[in-house]
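Okay, so here's the structure we're looking at.
The values are calculated or read from the model by the stated rules, or taken from the named source; none is laboratory data. These numbers were taken from a predicted model, which means no experiment stands behind them. All Cβ positions, glycine included, derive from the backbone under ideal geometry; neighbour counts span all protein chains shown. Surface areas here come from the heavy atoms of the whole protein model, side chains and all, with no ligands, DNA or RNA. Shrake-Rupley method; radii C 1.70, N 1.55, O 1.52, S 1.80 Å.
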Amino acid sequence: MSETTNRRVAAPVDVGRLTRSYIWPAVPKDRIAADGPMILVSGSGARVRDVRGKSYLDLTGNISRVSSLGWGRESIAQAVYGQLQRLHYAGQGEYQADVVFELAAKLADLTPGELEVTSFTESGTTANEAAFKLARAHLQATGRKPRAYKVISRWNAYHGSAGGPLAATDWNGLRAPSEPGTPGISLVPAPTRYRSQLRPGAPADTATYLDCLERQILHEGPELVAAFIAEPVMQAGGVQIPPDDYFPQVREICSRYDVLFIADEVITGFGRTGEWFAMSHWSVEPDIVTMGKAMTAGYAPLGAVTTRREIWDALPVFFDLHTYAGHPAAAAAALAVIEEYEQHGLIERARVSGEHLLKRLRALERHELVGEARGVGMWAAVDLTSDRSMRAPVAPELVRQVMLRARERGLIVGPTGSAIELAPPYDIPLEEIDEGIEILDQAIEEVERER
């Protein structure tokens, strides 16, 4: 950062003037007023600087787990710049830029098994909406289920903030204000870590959740159910890693009833869990996979839905059209990001560094306030409890207190339900992970002492 920029951000700032014309999404006004807005102006590596000139170590991928490569990656910026100079837009329908076809071919190489044809969107939400359309269109076009339109999701799922994905979302309070929503969406309980969604205390066994899914398919009518959608690792409550026997049996149930299995890999795809795609942890191939976030590492907005060729081949046309879907600059960013992952071995590095991250976090379980530390790859959570014997969750406000105490010390972590969440860049130095965990340790200790 230049001296000029440093002087600019260090000058007195009228935050009220800056934010007067902005609507904060999904953040209560009183929270912004009480805690102050985070207005960022620059970033480098795993550190960002706010409008007042304060620097923070960000271990959340900017809260949304998107910054898998951190900030200031010149190679990606140059790729986007070059594409904008060469061809900044190519239209939709019969028109498309060459770079978008290059990206589709690259994804065919990276996605597991027979997943090899891709439609692009602008976001994870629109990718999931496209996946719903694709599942319904395929089953109707083949004549196997001409009336199929229903989608089954899961409790505490997050699949997007509009349309069908919003109706399939059961977390963060987003759905209720927009209801009534898209019809035909129902939800079943999902396996969780540490505490159960179904009863106080420890989670139920895998068979309980599988039985709920099968019963729901039968209840809705298998001939009407087009798809089941699931995040491989759920974000609600902080990095909910399923039992190893869960998804293999989900795959079998979906196949039995001719229900297309959609894996929502918008967060988990492209290395966040230490695999290119998280479903590979269980050697399970979905019928459709959606992706976003780490595909471009946040350098441009892009979503995608990838499926098997036989599903696409059954359709005469796929009616899903967006002005900025598969934008050439976003495709160039994605190709540059994937090149960074491959050249520097960052997917494997995410796995190895994630082991170090989790080891350090598990040391925090000595605190009475900490129920469990868990993680997979570079995605981890510290679940807080008010009663260890009952695994009772703490109030969300207490989690927020921990987050704010950490932020005061220059660390950004994310509150999610009863947990503190971390999603660092894949290539963050281990020393910076250690620095962040030490600050989090201090924040938890301070809040625990004041209870």
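Odds and ends about this structure:
- Within the range 376-420, considering residues that are on the phi > 0 side of the Ramachandran plot and open to solvent by less than 30 Å² (accessible area, probe 1.4 Å), the one farthest from the chain's Cα centre (by Cα): 410
- Residue count, the range 422-451 (criterion: within 28 Å of residue 192 (Cα to Cα), open to solvent by 10 Å² or more (accessible area, probe 1.4 Å) and of a type outside the set (Val, Ile, Thr)): 7
- The range 71-90 residues that are modelled with pLDDT of 95 or more, paired with ones that are open to solvent by 80 Å² or more (accessible area, probe 1.4 Å) and assigned to a helix (DSSP H, G or I) (beta carbon under 8 Å, 6 or more apart): 75/339
- Count of residues meeting criterion [closer than 19 Å to residue 265 by Cα and open to solvent by 40 Å² or more (accessible area, probe 1.4 Å)] in the range 178-192: 1
- Some residue of the range 235-248 being surrounded by fewer than 24 Cβ atoms within 10 Å (Cβ to Cβ), part of a helix (DSSP H, G or I) and either of a type in the set (Gly, Ala, Ser) or within 17 Å of the chain's Cα centre (by Cα) (or both): no
- Residue match in the range 208-223 (condition: open to solvent by 40 Å² or more (accessible area, probe 1.4 Å), part of a loop (DSSP other than H, G, I, E, B) and in contact with a helix residue (DSSP H, G or I) (Cβ under 9 Å, 6 or more places away or on another chain)): no
- Only residues that are in contact with a helix residue (DSSP H, G or I) (Cβ under 7 Å, 6 or more places away or on another chain) and either surrounded by fewer than 24 Cβ atoms within 10 Å (Cβ to Cβ) or hydrophobic (A, V, I, L, M, F, W, C) (or both) were counted in the range 252-270, giving 10.
- Once the range 103-123 is narrowed to residues that are within 20 Å of residue 342 (Cβ to Cβ) and of a type in the set (Ser, Thr, Tyr), the residue that is surrounded by the fewest Cβ atoms within 10 Å (Cβ to Cβ) is 118.
- Set side by side, the residues 199, 136, 154, 144 differ, and just one is under 20 Å from residue 257 (Cβ atoms), surrounded by fewer than 21 Cβ atoms within 10 Å (Cβ to Cβ) and either in contact with a helix residue (DSSP H, G or I) (Cβ under 7 Å, 6 or more places away or on another chain) or not aliphatic (A, V, I, L, M) (or both), which is 144.
- Taking the range 374-408 as the range and being more than 20 Å from residue 423 (Cα to Cα) and without any contact (Cβ under 8 Å) to a residue 24 or more places away in the chain as the test, the residues that pass are 386, 387, 388, 389, 395, 397.
- Residue count, the range 157-177 (criterion: out of contact with any helix residue (DSSP H, G or I) (no Cβ under 6 Å at 6 or more places or on another chain), open to solvent by 40 Å² or more (accessible area, probe 1.4 Å), at negative phi and of a type outside the set (D, E, K, R)): 5
- Neighbours by Cβ (under 6 Å, 6+ apart or cross-chain): first from the range 330-349, over 15 Å from residue 67 (Cα atoms); second in a helix (DSSP H, G or I): 331/99; 331/100; 331/103; 332/79; 332/80; 332/83; 332/99; 335/103
- Residue 413 being under 30 Å from residue 303 (Cα atoms) and modelled with pLDDT of 95 or more: yes
- Per-region count, the range 407-451, residues assigned to a helix (DSSP H, G or I) and touching a Phe, Trp or Tyr at 6+ places or on another chain (Cβ under 6 Å): 0
- Residues that are of a type in the set (S, T, N, Q) and either closer than 26 Å to residue 401 by Cβ or assigned to a helix (DSSP H, G or I) (or both) were ranked within the range 1-35; the one that is modelled with the lowest pLDDT is 4.
- For beta carbons closer than 6 Å, sequence separation of 6+ or different chains, a first residue in the range 245-261 that is under 16 Å from residue 279 (Cα atoms) and at pLDDT 95 or above and a second that is small (Gly, Ala, Ser) and assigned to a helix (DSSP H, G or I), the qualifying pairs are 260/135.
- Residue ID - nearest to residue 110 (Cα to Cα), chosen from residues in the range 321-352 that are open to solvent by less than 10 Å² (accessible area, probe 1.4 Å) and outside any helix (DSSP H, G or I): 326
- Of all residues in the range 109-132, one or more are in contact (Cβ under 8 Å) with a residue 24 or more places away in the chain, under 22 Å from residue 214 (Cα atoms) and hydrophobic (A, V, I, L, M, F, W, C).
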